[in-house]
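Note sheet for the following structure.
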Amino acid sequence: MKNAPEMPLNIENSSLDMQEFYTAAEIADLKLPGVPSTPQSVTRKAKTENWHDQKNMAGAPLVRHRSGRGGGFEYHYVLLPGNAQAALIHRARVKAAQALPPAARKADIDRDALWEFYDRLSGKKKAKAKNRLDILLSVLALEKGGTPKNVAVAIVAMKSNVSNRSIYNWFVMPGSHRLVARFGAP
């Protein structure tokens, strides 16, 4: 499909060698969806959204002083909007996949069929899928911030008014990882 990014199934988020903290300039340079494109605007967004007060589930701050010349701050990527986080994860997964041998990069045969099926869905069913995707991305964001998966699922389930079991079922649905890749990344 024209919009479906290549996403190998054997690259898990937990095994990615991914940068976690970024300066305002680095965030701006990444040109992520929903994120300002200048360092000054990123700093303004951080101030407006109180990023400096945010902590992960373990109580560790998500903003740290930058060491080295120039000083400033570095921001954990979980402070970014969900679609920006997914874009970062997607880029890291693509990079990791490119490092794999060619045989390991082969995409599933059914990928195109799954996307053709999705593209034929009604607007209402696509909206339902998008809602589920947002829930899955929220769980992944909490996990990347250091929250254990079971706690992340419980938090998101409570806020989304769905059951924990539903969220776990959505994670194992055929093609769910592809939806995260397709709609969570540009």
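What follows is calculated from the coordinates using simple rules that are stated; it is not laboratory data. For clarity, every value in this text was computed on a predicted model and none was experimentally measured. In this analysis, Cβ positions are derived from the backbone assuming ideal geometry, glycine residues included, and neighbour counts consider all displayed protein chains.
Can you compute the FRET efficiency between MET18 and ASP134 using 1/(1 + (r/R0)^6), with r the Cβ-Cβ distance and R0 = 22 Å? Round to the nearest 0.05.
0.55
Could you list which residues have their amide H under 5 Å from that of PHE73, counting only those 5 or more apart in sequence or on another chain, with H placed in the peptide plane?
Counting only residues 5 or more places away or on other chains, the set is ALA24, ARG66.
What is the extension gain from LYS124 to SER166, computed as 0.36 nm multiplied by their sequence separation minus the C-alpha to C-alpha distance, in nm to one decimal?
Contour length minus the Cα-Cα distance gives 13.2 nm.
Sketch the reach of a paramagnetic label on GLU49 as a point 7 Å from Cα along Cα-to-Cβ, and name the residues of the range 67-90 whose backbone nitrogen lies under 15 Å away.
Output list for this probe position: 74-89.
How do the peptides 147-154, 68-75, 134-141, 121-128 rank, highest first, by the average count of neighbouring beta carbon atoms within 10 Å per residue?
Order by mean packing, descending: 134-141, 147-154, 68-75, 121-128.
What is the calculated FRET efficiency for ARG64 to GLN98, with r their C-beta to C-beta distance and R₀ = 45 Å, to the nearest 0.05?
0.90
Calculate one ³J(HN,Hα) per residue across the range 116-131 by plugging θ = phi - 60° into the Karplus curve 6.51 cos²θ - 1.76 cosθ + 1.60, and present them in order as whole Hz with x for glycine and proline.
Using θ = phi - 60°, the values come out as 5, 4, 4, 4, 8, 5, 6, x, 5, 5, 5, 5, 5, 5, 5, 4 Hz.
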